[in-house]
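S.K.: I'd like to ask some things about the structure below.
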Amino acid sequence: MLKQNLQFKLSQKLSPQQIQLMKLIQLPTQAFEQRLKEEMNENPALEGGKEEDEYADEFEKEEFDDYEEDEYDRIDAEDINIDEYLSNDETPEYKLQVNNYSDDDDDREVPFAAPVTFHQDLINQLNTFILSEDERDIAEFLVGSIDDMGYIRRSISDIVDDLAFTQGIYTDETSVEKILHIVHELEPSGVGARDLQECLLLQLKHKTPTESVDLASDIIANQFEQFTKKHYEKLLQKYGVSQEQLKKAIEEIEKLNPKPGGAFTGNNKLVEHVVPDFTIRIVEGELELLLNGRNAPELHVSKDYQDMLRTYKDSRDKSNAQKDAVQFIKQKLDSAKWFIDAIRQRQETLFVTINAIMHYQQEYFLEGDETKLRPMILKDIADMIGLDISTVSRVANSKYVETPYGTKLIKEFFSEAMKNDQGEDVSTIEIKKILQQVIEEEDKKKPLPDDQLADILKDKGYPIARRTIAKYREQLDIPVARMRKKM
(Lines give C-alpha, C1' and ligand atoms only; values in the text may rest on other atoms or scores of the structure.)
Protein backbone atom coordinates (compact mmCIF):
# COMPACT_ATOMS: atom_id res chain seq x y z
CA MET A 1 0.00 0.00 0.00
CA LEU A 2 2.85 2.36 0.90
CA LYS A 3 4.52 1.61 -2.43
CA GLN A 4 1.30 2.35 -4.32
CA ASN A 5 0.85 5.67 -2.52
CA LEU A 6 4.46 6.61 -3.21
CA GLN A 7 4.06 5.81 -6.90
CA PHE A 8 0.85 7.84 -7.01
CA LYS A 9 2.55 10.88 -5.47
CA LEU A 10 5.47 10.63 -7.87
CA SER A 11 3.09 10.46 -10.81
CA GLN A 12 1.45 13.77 -9.84
CA LYS A 13 3.72 15.95 -11.90
CA LEU A 14 3.08 19.63 -12.49
CA SER A 15 2.31 20.66 -16.04
CA PRO A 16 4.69 23.11 -17.76
CA GLN A 17 2.05 25.84 -17.40
CA GLN A 18 1.64 25.17 -13.67
CA ILE A 19 5.41 25.37 -13.24
CA GLN A 20 5.45 28.70 -15.10
CA LEU A 21 2.65 30.02 -12.89
CA MET A 22 4.56 29.04 -9.75
CA LYS A 23 7.61 30.87 -11.09
CA LEU A 24 5.52 33.96 -11.78
CA ILE A 25 4.10 33.90 -8.25
CA GLN A 26 7.60 33.70 -6.78
CA LEU A 27 8.88 36.78 -8.64
CA PRO A 28 9.03 40.07 -6.71
CA THR A 29 7.86 43.24 -8.45
CA GLN A 30 11.04 44.24 -10.28
CA ALA A 31 11.78 40.71 -11.51
CA PHE A 32 8.15 40.34 -12.58
CA GLU A 33 8.40 43.49 -14.70
CA GLN A 34 11.48 42.08 -16.42
CA ARG A 35 9.69 38.78 -17.05
CA LEU A 36 6.75 40.69 -18.53
CA LYS A 37 9.04 42.56 -20.93
CA GLU A 38 10.61 39.29 -22.06
CA GLU A 39 7.22 37.71 -22.74
CA MET A 40 6.01 40.71 -24.73
CA ASN A 41 9.21 40.69 -26.80
CA GLU A 42 8.80 36.98 -27.54
CA ASN A 43 5.06 37.00 -28.30
CA PRO A 44 3.82 39.65 -30.77
CA ALA A 45 0.22 38.66 -29.98
CA LEU A 46 0.62 40.12 -26.47
CA GLU A 47 0.38 43.88 -26.14
CA GLY A 48 0.35 46.31 -23.25
CA GLY A 49 -2.02 49.16 -22.49
CA LYS A 50 -5.75 49.44 -22.78
CA GLU A 51 -7.35 47.78 -25.79
CA GLU A 52 -8.86 50.24 -28.24
CA ASP A 53 -10.74 47.96 -30.60
CA GLU A 54 -13.60 49.59 -32.46
CA TYR A 55 -14.78 46.14 -33.46
CA ALA A 56 -14.79 44.66 -29.98
CA ASP A 57 -18.49 45.13 -29.25
CA GLU A 58 -19.41 44.01 -32.74
CA PHE A 59 -17.51 40.75 -32.33
CA GLU A 60 -18.98 40.15 -28.90
CA LYS A 61 -22.55 40.41 -30.23
CA GLU A 62 -22.20 38.89 -33.68
CA GLU A 63 -22.78 35.19 -34.20
CA PHE A 64 -21.46 33.58 -37.34
CA ASP A 65 -24.10 30.93 -37.86
CA ASP A 66 -23.64 30.94 -41.61
CA TYR A 67 -19.97 29.93 -41.34
CA GLU A 68 -19.41 26.27 -42.04
CA GLU A 69 -16.10 24.57 -41.73
CA ASP A 70 -15.36 21.67 -44.09
CA GLU A 71 -12.49 19.23 -44.18
CA TYR A 72 -10.37 21.69 -46.14
CA ASP A 73 -10.72 24.21 -43.34
CA ARG A 74 -9.48 21.90 -40.61
CA ILE A 75 -6.02 22.61 -39.24
CA ASP A 76 -4.15 19.71 -37.72
CA ALA A 77 -7.51 17.98 -37.19
CA GLU A 78 -8.36 20.60 -34.54
CA ASP A 79 -11.18 23.09 -34.88
CA ILE A 80 -10.30 26.69 -34.27
CA ASN A 81 -13.09 28.73 -32.79
CA ILE A 82 -12.10 32.05 -34.30
CA ASP A 83 -14.91 33.89 -32.53
CA GLU A 84 -13.26 32.94 -29.24
CA TYR A 85 -10.18 34.91 -30.19
CA LEU A 86 -12.10 37.84 -31.67
CA SER A 87 -14.22 38.25 -28.55
CA ASN A 88 -13.26 40.82 -25.98
CA ASP A 89 -14.73 38.77 -23.12
CA GLU A 90 -11.38 37.25 -22.20
CA THR A 91 -9.65 40.56 -21.65
CA PRO A 92 -9.50 40.76 -17.87
CA GLU A 93 -9.90 43.94 -15.89
CA TYR A 94 -6.80 43.79 -13.75
CA LYS A 95 -7.76 46.23 -11.07
CA LEU A 96 -9.83 43.86 -8.96
CA GLN A 97 -10.77 46.77 -6.71
CA VAL A 98 -10.35 50.47 -7.23
CA ASN A 99 -7.98 50.69 -4.28
CA ASN A 100 -6.12 47.50 -5.13
CA TYR A 101 -3.02 49.33 -6.23
CA SER A 102 -0.83 51.88 -4.59
CA ASP A 103 0.00 55.45 -5.51
CA ASP A 104 3.20 54.27 -7.13
CA ASP A 105 1.17 52.95 -10.07
CA ASP A 106 2.51 55.79 -12.18
CA ASP A 107 5.92 56.02 -10.53
CA ARG A 108 8.80 57.19 -12.66
CA GLU A 109 12.30 55.88 -12.16
CA VAL A 110 14.72 58.57 -10.94
CA PRO A 111 17.88 58.57 -13.07
CA PHE A 112 21.19 58.32 -11.27
CA ALA A 113 24.84 58.57 -12.23
CA ALA A 114 26.72 55.29 -12.47
CA PRO A 115 29.22 55.29 -9.58
CA VAL A 116 32.90 54.44 -9.87
CA THR A 117 33.45 50.91 -8.63
CA PHE A 118 35.53 50.14 -5.57
CA HIS A 119 38.35 48.57 -7.61
CA GLN A 120 38.33 51.33 -10.25
CA ASP A 121 38.68 53.93 -7.51
CA LEU A 122 41.76 52.13 -6.19
CA ILE A 123 43.23 51.96 -9.70
CA ASN A 124 42.64 55.71 -10.11
CA GLN A 125 44.50 56.36 -6.85
CA LEU A 126 47.51 54.46 -8.19
CA ASN A 127 47.91 57.20 -10.81
CA THR A 128 49.19 59.49 -8.05
CA PHE A 129 52.23 57.22 -7.51
CA ILE A 130 55.33 57.19 -9.69
CA LEU A 131 55.70 53.55 -10.76
CA SER A 132 57.52 51.70 -13.49
CA GLU A 133 55.48 49.71 -16.00
CA ASP A 134 56.18 46.42 -14.21
CA GLU A 135 55.44 47.94 -10.80
CA ARG A 136 52.13 49.32 -12.09
CA ASP A 137 51.20 45.91 -13.52
CA ILE A 138 51.92 44.28 -10.14
CA ALA A 139 50.02 47.02 -8.26
CA GLU A 140 46.97 46.64 -10.50
CA PHE A 141 47.09 42.86 -10.08
CA LEU A 142 47.18 43.29 -6.29
CA VAL A 143 44.21 45.66 -6.45
CA GLY A 144 42.39 43.09 -8.56
CA SER A 145 43.06 40.52 -5.83
CA ILE A 146 41.29 42.62 -3.18
CA ASP A 147 37.86 41.26 -2.27
CA ASP A 148 34.75 43.36 -1.71
CA MET A 149 35.50 43.68 2.01
CA GLY A 150 38.92 45.19 1.25
CA TYR A 151 41.16 42.18 1.97
CA ILE A 152 43.75 40.23 0.01
CA ARG A 153 43.01 36.68 1.12
CA ARG A 154 45.86 34.98 -0.77
CA SER A 155 49.48 34.53 0.16
CA ILE A 156 52.23 36.55 -1.50
CA SER A 157 53.80 33.35 -2.88
CA ASP A 158 50.52 32.45 -4.62
CA ILE A 159 50.32 35.94 -6.09
CA VAL A 160 53.90 35.65 -7.39
CA ASP A 161 52.97 32.38 -9.11
CA ASP A 162 49.80 33.86 -10.60
CA LEU A 163 51.70 36.86 -11.94
CA ALA A 164 54.02 34.49 -13.77
CA PHE A 165 51.41 32.08 -15.11
CA THR A 166 48.59 34.48 -16.00
CA GLN A 167 50.33 37.80 -16.63
CA GLY A 168 53.77 36.75 -17.81
CA ILE A 169 55.32 38.89 -15.07
CA TYR A 170 58.26 37.20 -13.38
CA THR A 171 59.06 38.69 -9.99
CA ASP A 172 59.74 37.65 -6.40
CA GLU A 173 58.02 37.95 -3.03
CA THR A 174 60.20 40.87 -1.91
CA SER A 175 59.21 42.94 -4.94
CA VAL A 176 55.52 42.14 -4.47
CA GLU A 177 55.73 43.03 -0.76
CA LYS A 178 57.24 46.39 -1.74
CA ILE A 179 54.34 47.16 -4.09
CA LEU A 180 51.87 45.91 -1.47
CA HIS A 181 53.11 48.63 0.89
CA ILE A 182 52.09 51.16 -1.78
CA VAL A 183 48.63 49.58 -2.02
CA HIS A 184 48.37 49.93 1.75
CA GLU A 185 48.66 53.71 1.28
CA LEU A 186 45.41 53.81 -0.69
CA GLU A 187 42.06 54.90 0.73
CA PRO A 188 40.06 53.73 2.55
CA SER A 189 42.83 53.03 5.04
CA GLY A 190 43.20 49.34 5.84
CA VAL A 191 42.55 48.24 2.27
CA GLY A 192 44.76 45.45 0.96
CA ALA A 193 45.31 43.92 4.42
CA ARG A 194 45.77 40.16 4.60
CA ASP A 195 43.97 39.72 7.90
CA LEU A 196 42.04 41.69 10.52
CA GLN A 197 45.12 42.40 12.63
CA GLU A 198 46.97 43.99 9.71
CA CYS A 199 43.81 45.87 8.68
CA LEU A 200 43.49 47.50 12.12
CA LEU A 201 47.20 48.32 12.29
CA LEU A 202 47.10 50.04 8.89
CA GLN A 203 44.21 52.21 10.03
CA LEU A 204 45.92 53.13 13.29
CA LYS A 205 49.04 54.03 11.31
CA HIS A 206 47.03 56.66 9.41
CA LYS A 207 45.76 58.26 12.64
CA THR A 208 47.41 61.25 14.28
CA PRO A 209 49.74 59.83 16.96
CA THR A 210 48.47 60.25 20.52
CA GLU A 211 49.00 58.32 23.73
CA SER A 212 45.78 56.38 23.14
CA VAL A 213 46.59 55.63 19.48
CA ASP A 214 50.12 54.46 20.37
CA LEU A 215 48.78 52.16 23.10
CA ALA A 216 46.08 50.85 20.72
CA SER A 217 48.73 50.11 18.06
CA ASP A 218 50.90 48.22 20.57
CA ILE A 219 47.92 46.19 21.77
CA ILE A 220 46.92 45.17 18.22
CA ALA A 221 50.50 44.45 17.20
CA ASN A 222 51.61 42.48 20.28
CA GLN A 223 48.54 41.52 22.33
CA PHE A 224 45.96 40.90 19.62
CA GLU A 225 44.71 37.60 21.04
CA GLN A 226 44.27 39.04 24.54
CA PHE A 227 42.34 41.96 23.02
CA THR A 228 40.00 39.80 20.91
CA LYS A 229 39.22 37.66 23.95
CA LYS A 230 38.64 40.82 26.02
CA HIS A 231 41.10 39.82 28.71
CA TYR A 232 41.30 43.40 29.96
CA GLU A 233 42.78 42.55 33.36
CA LYS A 234 45.79 40.94 31.64
CA LEU A 235 46.22 44.01 29.43
CA LEU A 236 46.16 46.30 32.47
CA GLN A 237 48.89 44.20 34.10
CA LYS A 238 50.91 44.01 30.88
CA TYR A 239 51.03 47.75 30.21
CA GLY A 240 50.74 49.07 33.76
CA VAL A 241 48.14 51.66 32.72
CA SER A 242 44.96 52.84 34.40
CA GLN A 243 41.51 51.59 33.42
CA GLU A 244 40.77 55.00 31.91
CA GLN A 245 43.89 54.86 29.71
CA LEU A 246 43.05 51.36 28.51
CA LYS A 247 39.45 52.36 27.89
CA LYS A 248 40.52 55.24 25.64
CA ALA A 249 42.86 52.96 23.67
CA ILE A 250 40.08 50.43 23.17
CA GLU A 251 37.74 53.21 22.06
CA GLU A 252 40.28 54.12 19.37
CA ILE A 253 40.22 50.53 18.15
CA GLU A 254 36.43 50.35 18.19
CA LYS A 255 36.30 53.36 15.84
CA LEU A 256 38.16 51.38 13.16
CA ASN A 257 36.44 49.65 10.26
CA PRO A 258 37.06 45.88 10.11
CA LYS A 259 35.69 45.83 6.52
CA PRO A 260 37.16 48.89 4.75
CA GLY A 261 35.91 47.80 1.32
CA GLY A 262 32.35 47.41 2.53
CA ALA A 263 32.18 51.08 3.54
CA PHE A 264 32.85 52.27 -0.01
CA THR A 265 29.62 53.68 -1.46
CA GLY A 266 30.76 52.89 -4.99
CA ASN A 267 31.29 49.22 -4.20
CA ASN A 268 30.99 47.00 -7.24
CA LYS A 269 28.25 45.11 -5.47
CA LEU A 270 24.99 46.76 -6.44
CA VAL A 271 22.90 47.98 -3.56
CA GLU A 272 19.56 46.23 -3.82
CA HIS A 273 16.68 48.65 -4.19
CA VAL A 274 13.69 47.05 -2.54
CA VAL A 275 10.36 47.76 -4.21
CA PRO A 276 7.49 46.91 -1.82
CA ASP A 277 5.04 44.49 -3.43
CA PHE A 278 2.28 45.57 -1.03
CA THR A 279 1.45 48.49 1.21
CA ILE A 280 -0.47 48.23 4.47
CA ARG A 281 -1.94 51.48 5.78
CA ILE A 282 -4.05 52.42 8.76
CA VAL A 283 -7.09 54.44 7.66
CA GLU A 284 -9.43 55.59 10.44
CA GLY A 285 -8.31 52.76 12.67
CA GLU A 286 -8.77 50.10 9.99
CA LEU A 287 -6.13 48.26 7.98
CA GLU A 288 -6.04 48.88 4.24
CA LEU A 289 -4.10 46.61 1.89
CA LEU A 290 -2.79 47.88 -1.45
CA LEU A 291 -1.11 45.82 -4.15
CA ASN A 292 1.70 47.63 -5.95
CA GLY A 293 0.16 48.62 -9.30
CA ARG A 294 3.27 47.49 -11.14
CA ASN A 295 2.09 43.94 -10.46
CA ALA A 296 -1.16 44.63 -12.33
CA PRO A 297 -0.26 45.55 -15.92
CA GLU A 298 -2.91 46.19 -18.55
CA LEU A 299 -2.55 43.58 -21.29
CA HIS A 300 -4.60 42.53 -24.26
CA VAL A 301 -4.41 40.40 -27.37
CA SER A 302 -3.01 42.21 -30.40
CA LYS A 303 -5.66 43.88 -32.62
CA ASP A 304 -3.51 43.03 -35.67
CA TYR A 305 -3.78 39.37 -34.82
CA GLN A 306 -7.55 39.72 -34.47
CA ASP A 307 -7.65 41.36 -37.89
CA MET A 308 -5.68 38.49 -39.41
CA LEU A 309 -8.15 35.99 -38.01
CA ARG A 310 -11.02 38.12 -39.25
CA THR A 311 -9.51 38.15 -42.74
CA TYR A 312 -9.12 34.36 -42.68
CA LYS A 313 -12.71 33.94 -41.47
CA ASP A 314 -14.09 36.15 -44.24
CA SER A 315 -12.02 34.48 -46.94
CA ARG A 316 -13.89 32.10 -49.24
CA ASP A 317 -10.86 30.30 -50.63
CA LYS A 318 -8.50 29.19 -47.88
CA SER A 319 -5.05 28.21 -49.10
CA ASN A 320 -2.54 25.97 -47.36
CA ALA A 321 -0.40 29.02 -46.62
CA GLN A 322 -3.36 30.68 -44.92
CA LYS A 323 -4.00 27.58 -42.85
CA ASP A 324 -0.36 27.51 -41.73
CA ALA A 325 -0.53 31.17 -40.83
CA VAL A 326 -3.69 30.66 -38.78
CA GLN A 327 -2.08 27.76 -36.95
CA PHE A 328 0.83 30.05 -36.01
CA ILE A 329 -1.60 32.78 -34.95
CA LYS A 330 -3.57 30.31 -32.86
CA GLN A 331 -0.42 29.23 -30.99
CA LYS A 332 0.53 32.83 -30.26
CA LEU A 333 -2.97 33.70 -29.14
CA ASP A 334 -3.15 30.65 -26.89
CA SER A 335 0.16 31.66 -25.32
CA ALA A 336 -0.95 35.29 -24.90
CA LYS A 337 -4.29 34.34 -23.38
CA TRP A 338 -2.62 31.90 -21.00
CA PHE A 339 -0.06 34.50 -19.91
CA ILE A 340 -2.77 37.10 -19.30
CA ASP A 341 -4.72 34.59 -17.22
CA ALA A 342 -1.56 33.56 -15.34
CA ILE A 343 -0.89 37.19 -14.38
CA ARG A 344 -4.45 37.48 -13.10
CA GLN A 345 -3.97 34.31 -11.03
CA ARG A 346 -0.65 35.65 -9.76
CA GLN A 347 -2.26 38.91 -8.73
CA GLU A 348 -5.13 37.17 -6.95
CA THR A 349 -2.75 34.75 -5.20
CA LEU A 350 -0.51 37.55 -3.95
CA PHE A 351 -3.43 39.62 -2.73
CA VAL A 352 -5.31 36.82 -0.97
CA THR A 353 -2.13 35.57 0.73
CA ILE A 354 -0.95 38.88 2.16
CA ASN A 355 -4.55 39.76 3.05
CA ALA A 356 -4.75 36.61 5.18
CA ILE A 357 -1.39 37.42 6.82
CA MET A 358 -2.53 41.00 7.50
CA HIS A 359 -5.67 39.82 9.28
CA TYR A 360 -3.82 37.04 11.14
CA GLN A 361 -1.32 39.61 12.45
CA GLN A 362 -3.84 42.45 12.73
CA GLU A 363 -2.81 43.45 16.26
CA TYR A 364 0.81 43.93 15.18
CA PHE A 365 -0.04 45.93 12.05
CA LEU A 366 -2.28 48.25 14.06
CA GLU A 367 0.26 48.89 16.84
CA GLY A 368 3.71 48.03 15.48
CA ASP A 369 4.70 46.17 18.63
CA GLU A 370 6.70 43.08 17.60
CA THR A 371 5.76 41.36 20.84
CA LYS A 372 2.18 41.33 19.49
CA LEU A 373 3.15 39.09 16.57
CA ARG A 374 1.24 35.81 16.86
CA PRO A 375 2.89 32.45 16.23
CA MET A 376 2.28 31.78 12.54
CA ILE A 377 3.50 29.03 10.24
CA LEU A 378 2.92 28.55 6.51
CA LYS A 379 0.23 25.96 7.14
CA ASP A 380 -1.86 28.46 9.12
CA ILE A 381 -2.15 30.76 6.12
CA ALA A 382 -2.43 27.93 3.59
CA ASP A 383 -5.42 26.52 5.51
CA MET A 384 -7.08 29.94 5.70
CA ILE A 385 -6.99 30.59 1.95
CA GLY A 386 -7.11 27.02 0.63
CA LEU A 387 -3.76 27.14 -1.16
CA ASP A 388 -0.80 24.80 -1.04
CA ILE A 389 1.92 25.48 1.55
CA SER A 390 4.53 25.74 -1.21
CA THR A 391 2.52 28.53 -2.86
CA VAL A 392 2.34 30.52 0.39
CA SER A 393 6.07 29.97 0.82
CA ARG A 394 6.76 31.40 -2.65
CA VAL A 395 4.85 34.54 -1.76
CA ALA A 396 6.36 34.96 1.70
CA ASN A 397 10.01 34.30 0.84
CA SER A 398 10.38 36.88 -1.91
CA LYS A 399 7.89 39.68 -1.26
CA TYR A 400 8.12 42.89 0.75
CA VAL A 401 5.36 44.89 2.38
CA GLU A 402 5.53 48.57 3.27
CA THR A 403 4.01 49.17 6.70
CA PRO A 404 3.76 52.23 8.97
CA TYR A 405 6.77 50.72 10.79
CA GLY A 406 9.06 50.23 7.80
CA THR A 407 9.38 47.89 4.82
CA LYS A 408 9.45 44.25 5.90
CA LEU A 409 10.15 40.93 4.24
CA ILE A 410 6.91 38.99 4.62
CA LYS A 411 8.59 35.80 5.80
CA GLU A 412 9.76 37.70 8.91
CA PHE A 413 6.20 37.58 10.24
CA PHE A 414 6.31 33.78 10.43
CA SER A 415 7.50 32.07 13.59
CA GLU A 416 7.10 28.93 15.64
CA ALA A 417 5.05 28.82 18.82
CA MET A 418 6.34 28.26 22.35
CA LYS A 419 4.44 27.95 25.63
CA ASN A 420 4.73 30.60 28.32
CA ASP A 421 4.26 29.82 32.02
CA GLN A 422 0.50 30.24 31.57
CA GLY A 423 0.42 27.52 28.94
CA GLU A 424 -0.35 30.06 26.20
CA ASP A 425 1.23 29.94 22.76
CA VAL A 426 3.63 32.82 22.18
CA SER A 427 5.70 33.64 19.12
CA THR A 428 9.43 33.01 19.10
CA ILE A 429 9.68 36.53 17.64
CA GLU A 430 8.21 37.88 20.86
CA ILE A 431 10.73 35.91 22.93
CA LYS A 432 13.66 37.10 20.80
CA LYS A 433 12.50 40.70 21.15
CA ILE A 434 12.38 40.43 24.93
CA LEU A 435 15.77 38.70 24.98
CA GLN A 436 17.23 41.52 22.90
CA GLN A 437 15.77 44.12 25.27
CA VAL A 438 17.25 42.35 28.32
CA ILE A 439 20.70 42.28 26.69
CA GLU A 440 20.47 45.94 25.68
CA GLU A 441 19.66 46.92 29.28
CA GLU A 442 22.38 44.76 30.93
CA ASP A 443 25.42 46.20 32.70
CA LYS A 444 28.06 46.10 29.96
CA LYS A 445 30.81 45.87 32.58
CA LYS A 446 29.23 42.58 33.71
CA PRO A 447 27.25 41.19 30.73
CA LEU A 448 24.83 38.37 31.47
CA PRO A 449 25.80 34.80 30.51
CA ASP A 450 23.20 32.59 28.84
CA ASP A 451 22.17 30.77 32.03
CA GLN A 452 21.36 34.09 33.74
CA LEU A 453 19.48 35.27 30.66
CA ALA A 454 17.43 32.08 30.84
CA ASP A 455 16.60 32.79 34.50
CA ILE A 456 15.51 36.36 33.69
CA LEU A 457 13.22 35.23 30.86
CA LYS A 458 11.81 32.54 33.13
CA ASP A 459 10.95 35.24 35.70
CA LYS A 460 9.22 37.14 32.89
CA GLY A 461 7.05 34.12 32.16
CA TYR A 462 9.07 32.41 29.42
CA PRO A 463 10.58 29.13 30.64
CA ILE A 464 13.35 28.60 28.08
CA ALA A 465 16.42 26.37 28.29
CA ARG A 466 19.91 27.87 28.23
CA ARG A 467 20.70 26.17 24.90
CA THR A 468 17.61 27.80 23.39
CA ILE A 469 18.78 31.18 24.67
CA ALA A 470 22.13 30.56 22.97
CA LYS A 471 20.37 29.66 19.69
CA TYR A 472 18.19 32.79 19.74
CA ARG A 473 21.17 34.97 20.68
CA GLU A 474 23.12 33.65 17.69
CA GLN A 475 20.13 34.23 15.40
CA LEU A 476 20.04 37.82 16.62
CA ASP A 477 23.78 38.08 15.87
CA ILE A 478 24.56 38.89 19.51
CA PRO A 479 27.95 37.66 20.78
CA VAL A 480 28.54 35.75 24.01
CA ALA A 481 28.72 37.65 27.33
CA ARG A 482 32.53 37.93 27.37
CA MET A 483 32.54 39.57 23.95
CA ARG A 484 29.89 42.09 25.02
CA LYS A 485 31.99 43.33 27.89
CA LYS A 486 32.87 47.03 27.95
CA MET A 487 35.51 48.84 29.96
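S.K.: Would you call V392 within 32 Å of the chain's Cα centre (by Cα), modelled with pLDDT of 90 or more and under 26 Å from R281 (Cβ atoms)?
M.R.: On the way: within 32 Å of the chain's Cα centre (by Cα): yes; modelled with pLDDT of 90 or more: yes; under 26 Å from R281 (Cβ atoms): yes.
Taking the combined requirement at face value, the residue satisfies it.
S.K.: Within the range 156-191, can you find the residues that are part of a loop (DSSP other than H, G, I, E, B), among the hydroxyl-bearing types (S, T, Y) and without any contact (Cβ under 8 Å) to a residue 24 or more places away in the chain?
M.R.: Filtering the range 156-191 down to residues part of a loop (DSSP other than H, G, I, E, B) leaves 168-172, 184-191.
This time we only want the ones that are among the hydroxyl-bearing types (S, T, Y), so: 170-171, 189.
Passing the criteria: only Y170.
S.K.: Another one. What number of residues within the range 396-408 satisfy the criterion of being at pLDDT below 90 and hydrophobic (A, V, I, L, M, F, W, C)?
M.R.: Summing the residues that are at pLDDT below 90 and hydrophobic (A, V, I, L, M, F, W, C) in the range 396-408 gives 1.
S.K.: So, one more: Among residues belonging to the range 153-171 that are touching a helix residue (DSSP H, G or I) at 6+ places or on another chain (Cβ under 7 Å) and surrounded by 12 or more Cβ atoms within 10 Å (Cβ to Cβ), point out the one that is nearest to D134 (Cα to Cα).
M.R.: Quick first cut of the range 153-171, residues touching a helix residue (DSSP H, G or I) at 6+ places or on another chain (Cβ under 7 Å) only: 156-157, 159-160, 163, 167, 169-171.
Adding the requirement that they be surrounded by 12 or more Cβ atoms within 10 Å (Cβ to Cβ) leaves 156, 159-160, 163, 167, 169, 171.
Numbers: I156: 17, I159: 14, V160: 13, L163: 11, Q167: 11, I169: 8, T171: 9 Å.
Checked the range 153-171; the qualifying residue nearest to D134 (Cα to Cα) is I169.
S.K.: Another one. Taking the condition modelled with pLDDT under 90 and farther than 29 Å from L457 by Cα, does A382 pass? Write out each step before concluding.
M.R.: Working: modelled with pLDDT under 90: no; farther than 29 Å from L457 by Cα: yes.
When the stated conditions are applied, A382 does not pass them.
S.K.: Within the range 423-465, can you find the residues that are of a type in the set (D, E), in a loop (DSSP other than H, G, I, E, B) and either in contact (Cβ under 8 Å) with a residue 24 or more places away in the chain or in contact with a helix residue (DSSP H, G or I) (Cβ under 8 Å, 6 or more places away or on another chain) (or both)?
M.R.: Within the range 423-465, E442 is the sole residue that qualifies.
S.K.: Let me ask you something else. In the range 457-466, what residues are surrounded by fewer than 18 Cβ atoms within 10 Å (Cβ to Cβ) and of a type in the set (A, V, I, L, M, F, W, C)? Full working, then the answer.
M.R.: At the first step, the residues of the range 457-466 found to be surrounded by fewer than 18 Cβ atoms within 10 Å (Cβ to Cβ) are 458-461, 463, 465-466.
Across the range 457-466, the qualifying residue is only A465.
S.K.: Quick one: N257 ticks every box in (1) part of a helix (DSSP H, G or I); (2) within 19 Å of D195 (Cα to Cα) except a single one, so which number is it?
M.R.: Among (1) part of a helix (DSSP H, G or I); (2) within 19 Å of D195 (Cα to Cα), N257 violates only (1).
S.K.: Count, please, the residues in the range 353-379 that happen to be of a type in the set (A, V, I, L, M), open to solvent by less than 20 Å² (accessible area, probe 1.4 Å) and at pLDDT 90 or above. Can you show your working first?
M.R.: Quick first cut of the range 353-379, residues of a type in the set (A, V, I, L, M) only: 354, 356-358, 366, 373, 376-378.
Applying the additional criterion that residues be open to solvent by less than 20 Å² (accessible area, probe 1.4 Å) yields 354, 356-358, 373, 376.
In the following step, the residues that additionally are at pLDDT 90 or above were identified as 354, 356-358, 376.
So the count comes out to 5.
S.K.: Okay, next question. Can you say whether K332 is open to solvent by 10 Å² or more (accessible area, probe 1.4 Å), within 36 Å of the chain's Cα centre (by Cα) and under 28 Å from I385 (Cβ atoms), as far as the supplied structure shows?
M.R.: Details: open to solvent by 10 Å² or more (accessible area, probe 1.4 Å): yes; within 36 Å of the chain's Cα centre (by Cα): yes; under 28 Å from I385 (Cβ atoms): no.
No, not satisfied.
The values are calculated or read from the model by the stated rules, or taken from the named source; none is laboratory data. Because the structure is a prediction, the values reported are computed rather than measured. FYI the Cβ positions are ideal-geometry reconstructions off the backbone, even for glycines, and counts take in every protein chain you see. The area values use the complete protein model at the heavy-atom level, side chains included, leaving out ligands, DNA and RNA. Shrake-Rupley method; radii C 1.70, N 1.55, O 1.52, S 1.80 Å.
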